[in-house]
Amino acid sequence: MESIEENGKEMAKSYKSMEVQFTQMSQQQRTTDFQLGQHATTVGQLATTVGHMQNKGKFPSTTEPNPKEHCKAIELRSGTKYQGPSLPSEDNVEEKATEIEQEVEGDKMKRKKAR
């Protein structure tokens with residue numbers, strides 16, 4: 001009979017020990033779940049912050065069309081206006097084309113003479 005009582009006591013001790021271990025594991029699991037939730041929140045905040053930092057000082061990925069369609073002049077922050085290079089008149093273009101043609105013809109003549 002003593003052995004049955006001793007076995008019963010040993011089983012009760014083992015059961016109590018397992019119950020304590022299960023309680024500790026459950027508490028650790030809840031702590032881990034809570035910490036994981038906090039880390040997920042922190043990572044989300046970090047991603048948002050990095051996203052804002054990357055866009056700072058850069059143009060947006062989608063551009064807006066110019067509401068005036070054609071830019072006629074540029075004005076700097078200092079107030080200086082840039083009018084751009086003046087476009088050549090048709091007469092100037094024809095004169096320049098004639099000069100270039102004459103140079104090409106002259107080069108061809110020089111090559112023929114050099115042969």
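The values are calculated or read from the model by the stated rules, or taken from the named source; none is laboratory data. Because the structure is a prediction, the values reported are computed rather than measured. Backbone-built Cβ (ideal geometry, glycine too); neighbour counts: all protein chains shown. Heads up: the accessible areas ignore ligands, DNA and RNA and are worked out on the full protein's heavy atoms, side chains in. Shrake-Rupley method; radii C 1.70, N 1.55, O 1.52, S 1.80 Å.
Does region 54-76 contain any residue that is surrounded by 10 or more Cβ atoms within 10 Å (Cβ to Cβ) and either modelled with pLDDT under 80 or touching a helix residue (DSSP H, G or I) at 6+ places or on another chain (Cβ under 9 Å) (or both)?
yes
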Handout entry: Odd one out for LYS9 among (1) at pLDDT 90 or above; (2) open to solvent by 90 Å² or more (accessible area, probe 1.4 Å); (3) not hydroxyl-bearing (Ser, Thr, Tyr)
Key = (1)
